[in-house]
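These notes are about the structure you will find just below.
The values are calculated or read from the model by the stated rules, or taken from the named source; none is laboratory data. Bear in mind the structure is a predicted one, so any value in this text is a computation, not a measurement. FYI the Cβ positions are ideal-geometry reconstructions off the backbone, even for glycines, and counts take in every protein chain you see.
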Amino acid sequence: MAEEKRKSHPVVASGIIFCGLIALLLGLALSVSVGAADIHLSTVWASVFHFNPKLSQDQVIHYLRLPRAVAGALVGAAFAVAGALMQGMTRNPLADPGILGVNAGSEFLLAVCFAFIPGLPFLDLMLFSFLGAGIGMGLVYGIGSLSKGGLTPVRLALAGAAVAALLVALSQGIALYFGLSQDLAFWYAGGMSGTTWLQVELLLPWVIGGLIGALLISRSITLLSLGEDVATSLGQRTGLVKLAGTLLVLILAGAAVSVVGPVGFVGLVIPHIARYLVGVDYRWIIPCSAVLGSLLMVFADIGARMIHPPYETPIGALIALIGVPFFLYLSRKKMREL
């Protein structure tokens, strides 16, 4: 990839991340302000720091919009960093939790839970989401490995598309048979509506832990992205790094899907933008991806509420408008290189 020839510059990278954090704070404020009933930013500020439970606007801000905005930021960071880790470990520019079956695996197992074990606590659903993510990724890598020539990026993407299509079809079949279609339709398309502080509290440690873990192995991911032979010659224990990276991807993607649904393309698009902005060093790519992923999800959620008020457009559909053309561009570019 042409953008991977850029060298990382700490000052520039720090400036980009700082500006991204300022933009994220603005986005969070707008996310709390915009909705079926717009609330002035001064009211939002007063409610955050001087909450009055007797005021209806304060109740809307504190119990509905704030948890939704915070969850959106966490989910965006989780998807983006999971995609960055996958792309770095596999040296595959098409790698993304949605494309490689991770999201679809989580979706499938959650549909099974809703049908056969209704009423599960959110923490249990999150654990099943992790397990489903592992099943989806295992199927993709297993099928991709059976082809002659090994796991090339295009074969991996094709295997991911096939497994994702199968798991999504099974999920929808379960939803139709058990009468869950209407309840799960918006969740399948990706949406933040109805997010509560309980979900945020359960999501927060997983995402923060996953992001810290990603930063801890970021230098190893940088070496791995240069090629397994290069990493091994530099003393890198590639098997251990891949295992740690895979577990972090499952934690981040599984936690995100359990809250917002199987939103795709965040983990595909954002790492490419981050590499273009800050270079090839994953010590900068990972934090930059986290900030940009949060920005994308927060502003996509704002757009979902503004396109056709008072109804909401699924976030997954909005992000797909960016992600699908980007995926086709990368696929075409990769095919030309083969």
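Scanning region 320-334 for residues that are loosely packed, with under 15 Cβ neighbours inside 10 Å and of a type outside the set (A, V, I, L, M, F, W, C) returns Pro325, Tyr329, Arg332, Lys333. Considering Ala317, Ala300, Ala244, the condition of being surrounded by fewer than 21 Cβ atoms within 10 Å (Cβ to Cβ) and closer than 13 Å to Gly191 by Cβ is satisfied by Ala317 alone. Say whether the condition of being under 22 Å from Leu248 (Cβ atoms) and either touching a strand residue (DSSP E or B) at 6+ places or on another chain (Cβ under 8 Å) or touching a residue at least 24 places away in the same chain (Cβ under 8 Å) (or both) is met by at least one residue in region 297-315. Yes, region 297-315 contains at least one residue that is under 22 Å from Leu248 (Cβ atoms) and either touching a strand residue (DSSP E or B) at 6+ places or on another chain (Cβ under 8 Å) or touching a residue at least 24 places away in the same chain (Cβ under 8 Å) (or both).
For region 248-261, indicate whether the set of residues that are assigned to a loop (DSSP other than H, G, I, E, B) and at pLDDT below 85 is non-empty. Yes, the conditions are met somewhere in region 248-261.
Quick check: anything in region 55-62 out of contact with any Asp or Glu (no Cβ under 8 Å at 6 or more places or on another chain), in a loop (DSSP other than H, G, I, E, B), farther than 28 Å from Gly138 by Cα and at pLDDT below 85? Checked region 55-62: at least one residue is out of contact with any Asp or Glu (no Cβ under 8 Å at 6 or more places or on another chain), in a loop (DSSP other than H, G, I, E, B), farther than 28 Å from Gly138 by Cα and at pLDDT below 85. Please verify whether region 265-287 includes one or more residues that are crowded, with 22+ Cβ neighbours inside 10 Å, modelled with pLDDT of 85 or more, of a type in the set (Lys, Arg) and part of a helix (DSSP H, G or I). Checked region 265-287: at least one residue is crowded, with 22+ Cβ neighbours inside 10 Å, modelled with pLDDT of 85 or more, of a type in the set (Lys, Arg) and part of a helix (DSSP H, G or I).
The set of residues in region 190-223 that are among the small types (Gly, Ala, Ser) and either free of Cβ contacts under 8 Å to residues at least 40 places away in the same chain or part of a loop (DSSP other than H, G, I, E, B) (or both) comprises Gly190, Gly191, Ser193, Gly194, Gly213, Ser220. For region 212-241, which positions are modelled with pLDDT of 90 or more, surrounded by fewer than 15 Cβ atoms within 10 Å (Cβ to Cβ) and β-branched (Val, Ile, Thr)? Passing the criteria: only Ile212.
Answer yes if at least one residue in region 101-121 is closer than 20 Å to Val249 by Cβ, in contact with a Leu (Cβ under 7 Å, 6 or more places away or on another chain) and in a loop (DSSP other than H, G, I, E, B), and no otherwise. Yes, region 101-121 has at least one match.
Being in a helix (DSSP H, G or I), modelled with pLDDT under 80 and in contact with a Leu (Cβ under 9 Å, 6 or more places away or on another chain) is a description that applies to Gly144.
Do the conditions hold for Ala29, that is, is it within 25 Å of Ile212 (Cα to Cα) and over 18 Å from the mean Cα position of the chain (by Cα)? Spelling it out, it is not the case that Ala29 is within 25 Å of Ile212 (Cα to Cα) and over 18 Å from the mean Cα position of the chain (by Cα).
Among the residues of region 292-302, is any in a loop (DSSP other than H, G, I, E, B) and among the acidic types (Asp, Glu)? Checking region 292-302: not a single residue is in a loop (DSSP other than H, G, I, E, B) and among the acidic types (Asp, Glu). Taking the criterion of being crowded, with 16+ Cβ neighbours inside 10 Å and in contact with a Ser or Thr (Cβ under 9 Å, 6 or more places away or on another chain), the only residue of region 44-56 that qualifies is Val44.
Could we say that Ile39 is surrounded by 17 or more Cβ atoms within 10 Å (Cβ to Cβ), in contact with a helix residue (DSSP H, G or I) (Cβ under 9 Å, 6 or more places away or on another chain) and at pLDDT 90 or above here? No.
For region 224-242, a tally of residues being part of a helix (DSSP H, G or I) and within 21 Å of Ser289 (Cβ to Cβ) returns 5.
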